[in-house]
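The values are calculated or read from the model by the stated rules, or taken from the named source; none is laboratory data. All values reported here derive from a predicted model rather than from experimental measurement. Don't worry about glycine lacking a Cβ; one is built from the backbone with ideal geometry, like all the others, and counts go over all protein chains shown. We work out accessible area using only protein heavy atoms, side chains counted, and drop any ligands, DNA or RNA first. Shrake-Rupley method; radii C 1.70, N 1.55, O 1.52, S 1.80 Å.
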Amino acid sequence: MSPSQETERTTGPAGKGSEDPFARAGLTLSQEERARLAEPMQHLAGMLVRLRAAIATEEPATIFPPPRPWT
Amino acid sequence: MDLIPTIAEAARGFAARTLSPVELTRASLDRVERFNATLHAFLVLDPEGALMAARAAEARWMRGEAKGPLDGIPIAHKDIVDVAGFPTTACSRVLAGRQPAIADAPIAARWRGAGAVCLGKLTTHEFAWGGPSFDLPTPPARNPWNPAHFTAGSSSGTAAAIASGMILGGTGTDTGGSIRGPAALCGLAGIKPSYGLVPRSGVIPLAWSLDHLGPLARTAEDCAILLSACAGHDPSDPASDPRPAPDLLGGLGEGVRGLRIGIPEAWHEGVLPLTQATREAIDRAAEIFRDQGAVIRAIDLPCLQDLTDAGMVILLAEAFAIHAPWLRTRRQDYGEILRERLALGALLSAEDYLAAQRRRRTLVAAIAEAMRDVDLILTAAAVGEAPPIEAVDRWSGFKLPSLLLPFNLTGQPAISVAAGLGAGGLPVAIQLAGRPGEDALVLRAAHAYEMARGPLPVPPLLAS
């Protein structure tokens, strides 16, 4: 068994109310992987903060534009 | 044959009978033999099939029945594109042992139908996003200008193969810059066409709403030849544009007189400072266009970080959706880089994805408004030369804004064009982007630039 396998942990069964988003998505991450993901997770969090702030005043939202005539 | 022709030059040579498809294919295969152990560009080589196709092309040229400028031209395909008879593996253990594709993807079928000689399949970053990885079944491609340096990705094998003369053109895919980045770092031209211009069926997706398929080659003219032969509607891709494909070759030589070209200076400052050579390349390109009668002006575009935020969240969410079933059951079969990148997708919610798509619409509208006053946008295609492959930061896409991803978000055509060499002796590059559907204008301006720029030196590998 590799060192990374030895440190693997499952914080909750997939899709069963776990508070760990990785486990909720069905992924089992080792402590090493979690440590390596810490910095990019911060960058991703920053992206999401900026995105949410940018769309805060954008109403009405356009998710589905009016359909063109079906020809 | 030491001189590597462009596709256009080779076609003229075939027509004049000063060059033969068989001779050109043999020279290409010889370069694969000489350089592939260093560059790792080819995954699978089909010399017998290539020579058979070359002989057939040669017979057509001799009979005066050539199919066009691609007839007899050595090409190859990135290994996420289906080519009949070859397994499509995406350079991943996840797809190891896959059965050979039973049919060509439309791009492969169209190039084959135009007479192109397919030499085989080319290295890619794993599933077009995970690289440079050293823990995949095959090693990453290396830069022919200096094999210790990065090719960029993900169309890494395509760029390495063209820059080393193994082929004259090949397929790339571009979800966040994977055609234009390798073209920039390897001294080539690579166009990400308008979204929907080239059908993507038969190609493994990375992010459905950002994925584009297109060619890399040595010049913009060659890109125009390759793109002409694969553009156009195919009902097997629901995002394929149903309108007739534009004429990409007819006006290629018409120059830039009267065109308005905008430079978003803010994109080149702040967190993405350009190297001096790249800064000078932008200035020189502006001078060339101005001398040819274009009007150069500054433009304001949405800031790169805003565009990158929306693009990365969409890319990550869609890639996670595509890979989630395999991630749950075969996670250890991925290379470490892609395995960990994709895992970040688990952190995104429906709210996040919708926020990014809503933001996308606003940013696209802002760029469309800015382009009311200009016909083309001129930017750097990379901040500088290729870094050493061992020094590539696997998380740079999350840390730094991208010069390339904005045009995946907008679906605009954008081309990377070589602009000379930097202080380290490796290529630097510019990028030109047009309005959606105006691929011909982008190619025309890139061609005009290349004509004025003059020929580039060849990689030292080829000179030795």
Here's a check for you: in the stretch A:19-44, which residue that is open to solvent by less than 60 Å² (accessible area, probe 1.4 Å) and more than 8 Å from chain B (Cβ to nearest Cβ) is farthest from B:L348 (Cα to Cα)? A:S30
So B:S349 ticks every box in (1) surrounded by fewer than 19 Cβ atoms within 10 Å (Cβ to Cβ); (2) within 25 Å of the chain's Cα centre (by Cα); (3) within 11 Å of another protein chain (Cβ to nearest Cβ) but one. Which box is left unticked? (2)
Within the set of pairs 6 or more residues apart or between chains, which connect a residue that is in contact (Cβ under 8 Å) with a residue 12 or more places away in the chain inside the stretch B:15-34 to a residue that is basic (K, R) with Cβ atoms less than 7 Å apart? B:V22/B:R55
Having 3 or more residues that are closer than 27 Å to B:H323 by Cα, within 18 Å of the chain's Cα centre (by Cα) and not hydroxyl-bearing (S, T, Y) is the bar; report the helices (runs of 4 or more DSSP H) wholly within the stretch B:97-191 that clear it. B:106-113, B:180-185
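So that you can scan it fast, the table gives a plain yes or no per residue for (1) within 11 Å of chain A (Cβ to nearest Cβ); (2) of a type in the set (V, I, T); (3) closer than 25 Å to B:A141 by Cβ; (4) open to solvent by less than 30 Å² (accessible area, probe 1.4 Å):
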position: B:R328; (1), (2), (3), (4): yes, no, no, no
position: B:D373; (1), (2), (3), (4): no, no, no, no
position: B:A391; (1), (2), (3), (4): no, no, yes, no
position: B:W395; (1), (2), (3), (4): yes, no, yes, yes
position: B:L400; (1), (2), (3), (4): yes, no, yes, no
Has the stretch B:428-445 got at least one residue that is part of a helix (DSSP H, G or I), touching a residue at least 60 places away in the same chain (Cβ under 8 Å) and in contact with a Phe, Trp or Tyr (Cβ under 9 Å, 6 or more places away or on another chain)? yes
B:G49 fails exactly one of (1) within 12 Å of B:P74 (Cα to Cα); (2) touching a helix residue (DSSP H, G or I) at 6+ places or on another chain (Cβ under 9 Å), namely (2)
Taking the stretch B:269-305 and the residues there that are within 14 Å of chain A (Cβ to nearest Cβ) and not in a helix (DSSP H, G or I), the one that is surrounded by the fewest Cβ atoms within 10 Å (Cβ to Cβ) would be B:V271
With respect to B:G250, is the statement that it is modelled with pLDDT under 95 and surrounded by fewer than 13 Cβ atoms within 10 Å (Cβ to Cβ) true? no
Restricting the stretch B:448-464 to residues that are assigned to a loop (DSSP other than H, G, I, E, B) and in contact with a strand residue (DSSP E or B) (Cβ under 9 Å, 6 or more places away or on another chain), the residue that is least open to solvent (accessible area, probe 1.4 Å): B:P459
Consider B:I377 carefully, then state whether it is part of a helix (DSSP H, G or I), away from chain A (no Cβ under 14 Å) and either in contact (Cβ under 8 Å) with a residue 12 or more places away in the chain or surrounded by 18 or more Cβ atoms within 10 Å (Cβ to Cβ) (or both). no
What's the number of the only condition in (1) open to solvent by less than 20 Å² (accessible area, probe 1.4 Å); (2) in contact (Cβ under 8 Å) with a residue 60 or more places away in the chain; (3) away from chain A (no Cβ under 14 Å) that B:Y334 fails to meet? (3)
Hey, could you check the stretch B:1-60 for residues that are assigned to a loop (DSSP other than H, G, I, E, B) and aliphatic (A, V, I, L, M) and say which is surrounded by the most Cβ atoms within 10 Å (Cβ to Cβ)? B:A41
Against the conditions (1) assigned to a helix (DSSP H, G or I); (2) within 14 Å of chain A (Cβ to nearest Cβ); (3) surrounded by fewer than 21 Cβ atoms within 10 Å (Cβ to Cβ), where does B:T308 fall short? Just the number, please. (3)
Could you say which residue among B:L409, B:L432 is within 14 Å of another protein chain (Cβ to nearest Cβ) and farther than 17 Å from B:T275 by Cα? B:L409
